[in-house]
Amino acid sequence: MILSTSQPPSHKTYFIDLPLSRLHVLEVGEGEPLIMVPATISEWEDWLTLVQFLGQWFKVYFFELPGHAQSSPFKESFSSARVAELVEQLADKLGYDRFNLMGFSFGGILAMRAFKRLAARIDRLILIAPCLGWQALPYSKTRLTLLYRVIQQFKRRWLQTLFVKFVRNPRTLSIAIAFVRAIGRLEDTIPLKRKLPRTTTTTFDILSSQIAEILTTEFDPPSKKHKTPCYFAMSIYDPLLRFDATLNIAETHFADMNVVRLTYPFHQPPRPFTFEELNEGFYRTVDAFTRTHA
């Protein structure tokens with residue numbers, strides 16, 4: 001058993017050159033490897049305390065998604081299947097035959113896609129408020145279809161260029177933020193006012209692809225449930241995803257579920273939890289999970 005420390009473990013960042021992307025990576029901790037798949041519009045600074053928290057059990061590798069922050073975009077279009085291949089390349093580059101995997105929010109789709117590709121190499125799966133398919137969205141099929149058609153229009157380069165001008169103009173930034181929140185179902189806890197002005201046409205194209213996947217993804221259940229242990233934590237009051245539907249999707253795939261029901265009124269915290277807050281709220285359940293499935 002690893003005891004919670006009063007000080008977060010140290011961290012370092014660096015670049016790793018892979019066939020699909022030059023990844024900007026955050027590394028923390030010692031122990032078994034854990035690859036964290038990020039959510040949409042993620043930068044490593046926003047994830048540092050969570051990575052340090054998990055670094056009490058694992059050697060954690062968090063990477064910024066290709067085309068976001070400092071990671072280079074894919075040469076071809078963004079897709080969760082390509083991210084799954086990227087996770088495989090990263091694990092190979094780091095020299096791990098087996099590893100643990102985690103996904104949060106849109107990272108749930110990415111982690112599931114990576115798991116489907118690499119199930120035989122993954123010891124544990126951690127899902128935090130995961131988006132696992134369109135069935136968990138609080139939308140009717142009619143609205144999902146409408147939203148998908150709108151997003152497809154934003155694959156047009158001229159519209160992307162226009163949108164970038166909007167987000168870089170202080171007078172129209174608020175309009176752009178309202179649009180992104182409405183289409184992407186993004187909470188006001190995500191600091192779009194800080195992030196969007198740095199958006200390029202490439203990043204917006206990637207964001208459009210990610211939202212399109214959120215609106216259409218459906219994972220076929222396996223013929224037999226996976227035995228890989230799955231730690232599942234999500235708020236029953238999540239405003240962006242239906243808890244019961246999300247849990248049901250996870251339970252159709254995994255036989256060994258460790259479910260933590262939270263009561264937060266948000267999907268993403270208004271600010272990153274501190275290292276101390278994470279230890280207070282999650283240390284016991286994560287420690288029990290890792291010890292039970294050692």
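The values are calculated or read from the model by the stated rules, or taken from the named source; none is laboratory data. Computed from a predicted structure; not experimentally measured. Methodologically, a virtual Cβ is constructed for each residue, glycine included, from the backbone with ideal geometry; neighbour enumeration extends over all protein chains shown. These accessible areas exclude ligands, DNA and RNA; they are computed on the full protein's heavy atoms, side chains included. Shrake-Rupley method; radii C 1.70, N 1.55, O 1.52, S 1.80 Å.
With all protein chains kept in place, the per residue accessible area of the range 206-294 amounts to 50 square angstrom at a probe of 1.4 angstrom. The length gained on full extension between K93 and R117, counted as 0.36 nm times the residue separation minus their Cα-Cα distance, comes to 7.0 nm.
Dividing the helix sum by the residues of the chain, where each DSSP H run of 4 or more adds -39500 (n - 2.57), gives a mean residue ellipticity at 222 nm of -13000 deg cm²/dmol. Taking the three principal axes of the alpha carbon atoms in the range 65-187, the coordinate ranges are 50, 34, 22 Å, sorted in descending order. D97 contributes about 120 Å² of solvent-accessible surface, heavy atoms of the protein only, 1.4 Å probe.
Rounded to the nearest 10 degrees, the angle from helix 106-118 to the longest Cα principal axis of the chain is 60 degrees. Ordered by 1.4 Å accessible area with all protein chains kept, Y139, Y148, Y231 run largest first as Y148, Y139, Y231. Compared with the alpha-carbon gap, the fully stretched path from L146 to Y283 is longer by 45.1 nm at 0.36 nm per residue.
Placing +1 on each Lys and Arg Cβ and -1 on each Asp and Glu Cβ, with no other charges, gives the range 47-173 a dipole about its Cα centre of roughly 660 debye. Accessible surface of the chain, 1.4 Å probe: 53 percent of it comes from carbon and sulfur atoms.
Of the residues T161, V25, I128, the one whose Cα sits farthest toward the positive end of the charge dipole of the chain, with +1 on the Cβ of Lys and Arg and -1 on the Cβ of Asp and Glu, is T161. Scoring 80-89, 36-45, 239-248, 103-112 by mean Cβ neighbours within 10 Å over their residues and listing the highest first yields 103-112, 36-45, 80-89, 239-248. Its Cα centre serving as origin, the chain has a Cβ charge dipole (Lys and Arg +1, Asp and Glu -1) of approximately 1120 debye.
Remark: the range 67-156 carries 42 Å² of accessible area per residue (probe radius 1.4 Å; ligands, DNA and RNA excluded).
Accessible area ranking (1.4 Å probe, heavy atoms, ligands and nucleic acids excluded), largest first, for L48, L34: L48, L34. Taking the C-alpha atoms only, the angle from helix 173-184 to the longest principal axis of the chain is near 60 degrees. In the list (i) -0.36, -0.57, -0.78, -1.28; (ii) -0.25, -0.41, -0.63, -1.62; (iii) -0.29, -0.47, -0.71, -1.49, the label attached to log10 I(q)/I(0) by the Debye sum over Cα atoms at q = 0.07, 0.09, 0.11, 0.17 Å⁻¹ as derived from the coordinates here is (ii). Note on the range 112-160 and the range 23-40: Cα centroid distance 21 Å, given to the nearest whole angstrom. Of the listed residues S77, S223, S72, the order by accessible area with a 1.4 Å probe, largest first, is S223, S77, S72. Helix 201-216 and the long axis of the chain differ in direction by around 70°, with both axes built from C-alpha atoms.
Label sites at I175 and Q153, each approximated as a point 7 angstrom past Cα along Cα to Cβ, lie 1.4 nm apart.
Subtracting the Cα-Cα distance of T200 and L262 from 0.36 nm times their residue separation leaves 18.8 nm of extension gain.
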